[in-house]
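One structure is given below, encoded as structure tokens.
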Amino acid sequence: MITDESQLPKHFNDGIRRMMGDAYRSALTNPREARFMLQMRHQFTQAEKRRQRVLKEKNLQVPPFLICSIATLCNLNCKGCYARESGIAVDKAGEGREMMSAEIWSDLFRQAADLGICFCLLAGGEPFTRKDVIEMAAQERRMIFPIFTNGTMLNTNNVGFFKQHRNMIPIISMEGDATNTDDRRGEGVYRRVMNGMDLLQSNKIFFGTSITVTTENKERVTSESFINDIRKRGCKIVFFVEYVPTTPGTEYLAFQEEDVMWMEKRVDECIGRWKEMMFLSFPGDEKVTGGCVAAGRGFFHIGPDGSAEPCPFSPYSDCNVKEVGVEGALHSKLFTRLKDIQLVGGEHTGGCVLYEHREEVEDLLKP
């Protein structure tokens, strides 16, 4: 367990090196992807040096990860969606938060790469409703952009785009089998997701899946039959994302400490069983990192309007990157206070600490 914040950068650096090694092995069946992964390992070594330089020269710890909600529109209305609960995802253009232009996003991606951030997760809404932003992101070749999509907008044009831009990696969201996926996401969504996976596989595109894990489905979505099914369809990365109960009455679905421990053991088993795939859990066992890694410890979140927020599940902000930039956001007083009172970087037992203590987070924003 990390007890000294100065140990955190080394922990992430070591983890990224292991991750890129796993990604290279996963891509060995596709020579183009394998060459790309080797190139990105070099890029990430340079990114690590940039983070170290900023830490030395400015005493600023730059996280290696960034999450950007680039879109507000979404063509689905999934049960328990945090983006709808927080006002990010909407049904019609003009509703919800103001969206930044693609040009502003492009500059923010450049700023992030200059600081040494190497992974930028694109979310929404549905990211493919902002293809203009995705195209801008693709030009920043110092970073990898996993695109968390519901998969219903994947088509031959997007496949051609992925072939040209290997740093853009589609991550398709699902809930497990057809029954679970359609129950949460809508009738017929599972079939459309499978069609999207088949399209990506037939074109030899490196892709993954994101699965919201609950106390009810954890055994099913980590089962041998399920993993084998998505493996046969070409899936190379599996993100297990612990459910955060943003909808009242669903708290029983969220992990407690024993569930976190069970999940980490199961993920390790998956890593040993399917060596040609990558398995990642978020947030995972936060005891290893000395608590929650939001608010700039390991990542932070930029909303569609530029609000710098601790995490997508904690949509509170005291600054906007349009005004202060990415580096300025890392100096956020809110982020600093969350660390000082150890809402992030402090011990807790399961669940999302920022969501559970949201009233305290709101109090920090009061004058």
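The values are calculated or read from the model by the stated rules, or taken from the named source; none is laboratory data. As the structure is a computational prediction, the values presented were derived from the model and not from experiment. Neighbour counts run over all protein chains shown; Cβ positions are idealised from the backbone, glycine included. Each accessible area value is taken on the protein alone, full model and side chains, heavy atoms only, with ligands, DNA and RNA left out. Shrake-Rupley method; radii C 1.70, N 1.55, O 1.52, S 1.80 Å.
Near the amide H of T212, under 5 Å away, which other amide H atoms are found, from residues 5 or more places off or on another chain, if H is placed in the peptide plane?
Distant-sequence amide H within range of T212: M174, V241.
What part of the accessible area of the chain, given as a whole %, is carbon or sulfur when the probe is 1.4 angstrom?
Carbon plus sulfur share of accessible area: 49 percent.
Might you tell me the accessible area per residue for region 1-47, computed with a 1.4 Å probe and given in Å²?
Per residue, region 1-47 has an accessible area of 58 Å².
Using alpha carbons only, how many angstrom separate the centre of region 100-130 from the centre of region 137-157?
If you average the Cα positions of each part, the centres end up 11 Å apart.
Among G160, G290, G151, which one shows the highest mean-square fluctuation when the chain is modelled as a Gaussian network with alpha-carbon springs under 10 Å?
Highest fluctuation of the listed residues: G160.
Picking from S332, S317, S223, which is most flexible by a Gaussian network model of the chain using Cα springs under 10 Å?
Maximum fluctuation in the GNM of the chain, among the listed residues, is at S223.
Would you work out the charge dipole size for the chain about its Cα centre, treating the Cβ of every Lys and Arg as +1 and the Cβ of every Asp and Glu as -1, and quote it to the nearest 20 debye?
1840
I'd like to check one number: the per residue accessible area of region 215-367, probe 1.4 Å, reported in Å² as a whole number.
44
Ordering M40, M99 by how much accessible area each has at a 1.4 Å probe, largest first, what is the list?
My answer, sorted largest first, is M99, M40.
Please report the antiparallel percentage of DSSP beta bridges with both residues in the chain, rounded to the nearest 5.
Antiparallel bridges make up about 10 percent of those DSSP assigns within the chain.
Of R192, R184, R35, which has the most accessible area and how do the rest follow, probe 1.4 Å?
R35, R192, R184
By a straight-distance test (C-alpha under 17 Å), which lysines pair with K236 as possible cross-link partners, with residues fewer than eight away in the same chain excluded?
K163, K204, K275
For region 1-130, what is the Kirkwood estimate of the hydrodynamic radius, computed as the reciprocal of the mean inverse distance between distinct Cα atoms, to one decimal in Å?
In region 1-130 this quantity evaluates to 17.1 Å.
Report the label-to-label distance for K322 and D268 in nanometres (one decimal), using points 7 Å from each Cα along the Cα→Cβ vector.
In this crude label model, K322 to D268 measures out at 4.7 nm.
Return the whole-Å distance between the Cα centroid of region 189-256 and the Cα centroid of region 292-333.
Computed from Cα coordinates, the inter-centre distance equals 27 Å.
Probe 1.4 Å, all protein chains in place: accessible area of T156 in Å², nearest 10?
100
Could you work out how much longer the chain between T179 and K204 gets when fully extended? Use 0.36 nm per residue separation minus the Cα distance between them, nm to one decimal.
6.2 nm
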